[in-house]
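Can you read through this structure? Questions will come right after.
The values are calculated or read from the model by the stated rules, or taken from the named source; none is laboratory data. Computed from a prediction, not measured in an experiment: that's the story for all the values here. Note that we place each Cβ from the backbone using ideal geometry, even for glycine, and neighbour counts take in every protein chain shown.
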């Protein structure tokens, strides 16, 4: 659920502002509305954090090369000195790499001409001999004056590399020809310089590898010092002055309202609390049962936060994604591999931290769902033989079996059925929510959309599956027409009267028609559950057939094993990616779209003490939590 918020205005004495912010941060429950005010303190704190972030990004490249232990317990000044050293070395290494790239290109070009003594070339020129290194075309070479000696040094990209010499004239480069300008050093000297560059680069890289020993300490510095410091400076910059007082605004969970009011009174702060207005944008704090929180990593990965006035779709998202995952991967053998991997990760994490992560639990749950679905369809590593032997055969439902032709239509039907259930939940949920708003009559547009979707569902079954088994019923046509009229009449209703709302609905008639056509595509979109699952099975079968065909003799058996190993590993990865592309899409686009989600939320981020969540000092406020 989305936790209700109260908007607060906090008034402090200007002389006590610093101490007040310290106590506010100690309380740790207020989400402060930050203003986009920049001052020297904010810029300095932001710069320090940015430098640290850059240093960590540099060190991350050397993680695999460092095999020592992490260093700890140094002062902040020493840590900042390490940050400066990392950044300085990084800049120097970048410069050396750029120089080495340029030098490598020059050496490559120079080596095509050969090694020359620059002293000899300069000696010839000072003694009146014109010496030029040029690229000539065939025509340019043939048109050279007889007084010019041309030494052919090879050919590159259709042009001749030529050394031109002349005692009679100085301007010996033909019109349009490109000179090769000799560098200030010979080829052998350039190679020596290149080796010095490589040596310096290795030394700097070695220093950066050794500095990785401070990586964890730098991370700690960022989380415990610099990030809280930047937040504090931003809060300070958000204080608005009004004579002898300063004030700020923010939000606190409604359940904490009385507690915070008492806390404010203890410290003689002025405080005003109220319900957020429509123009306010409160932060979103999601609070769900522990078992439902396993879906949180998916939202974090997608960087999506529902708006404060939107819907918490965690349960529906988790429930349907579990089914989508199972149908898209579709193979119980793959599910078993996922499960084994998740159990290994969970055990490793538990031994290390004493806790298990939501990601590991989520993968384990999805894996179990896949095993169940794969068992019902008799699909184990894309091999039909498993479905016919005990104990696997006990779980197979013939109507869903991947090896029975009848299952194709049945699974397609299940895909469309999941689609209409999914979308119907969205419109019914939205209907119930909008009934509580004004004007409540607007909610009936969602019932209109529900009638349209049910009619379209019948149309899809008739067109895609079997018109004889699923004929398009007149009631479905009437439902689509009636639903369309209801949407036009009620979707634009406002507080200015029913007929004005109808007129606005009629004005948007064309848009509503397009949305109705789009709704047909939304139902069709759920066929991907069948199609992608079928592709996974087909690809597994193909690798199995290739392996069986290759398994002749010892060498053939080894090749067959490699085919199975690589083929199924590739299929496993592709099926997992398909879940991200298709399974999550159906939740975020089709379902959330019909629910009207815009994902405009701001995550609840209370102003609090660094490192760990810090409760208010009970001795200080003398209030029972």
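Please go through segment 80-99 and pick out each residue that is under 12 Å from residue 205 (Cα atoms) and in contact with a helix residue (DSSP H, G or I) (Cβ under 9 Å, 6 or more places away or on another chain).
Selection gives 86, 89, 90, 92, 93, 96, 97.
In addition: Within segment 383-434, how many residues are in contact (Cβ under 8 Å) with a residue 12 or more places away in the chain and either outside the structural domain of residue 529 (by TED's automatic domain parsing) or not in a helix (DSSP H, G or I) (or both)?
6
With respect to residue 276, is the statement that it is crowded, with 20+ Cβ neighbours inside 10 Å and outside any helix (DSSP H, G or I) true?
Answer is no for this residue.
Answer with yes or no whether residue 489 is modelled with pLDDT of 90 or more and surrounded by 11 or more Cβ atoms within 10 Å (Cβ to Cβ).
When the stated conditions are applied, residue 489 passes them.
Can you tell me which of 501, 448 is in contact with a helix residue (DSSP H, G or I) (Cβ under 7 Å, 6 or more places away or on another chain), surrounded by 15 or more Cβ atoms within 10 Å (Cβ to Cβ) and not in a loop (DSSP other than H, G, I, E, B)?
Only one candidate qualifies: 448.
Restricting attention to segment 357-382, which residues are assigned to a loop (DSSP other than H, G, I, E, B) and either outside the structural domain of residue 327 (by TED's automatic domain parsing) or surrounded by 17 or more Cβ atoms within 10 Å (Cβ to Cβ) (or both)?
378, 379, 380, 381, 382
So, one more: Return the residues of segment 147-182 that are in a loop (DSSP other than H, G, I, E, B) and at positive phi; say none if nothing qualifies.
157, 158, 176
Would you mind finding the one in 567, 549, 583 that is in contact (Cβ under 8 Å) with a residue 24 or more places away in the chain, more than 29 Å from residue 418 (Cβ to Cβ) and assigned to a helix (DSSP H, G or I)?
Exactly one residue qualifies, and that residue is 567.
Looking for whichever is surrounded by 13 or more Cβ atoms within 10 Å (Cβ to Cβ) and modelled with pLDDT under 90 here; the options are 9, 55, 17. Which one fits?
Residue meeting the stated conditions: 17.
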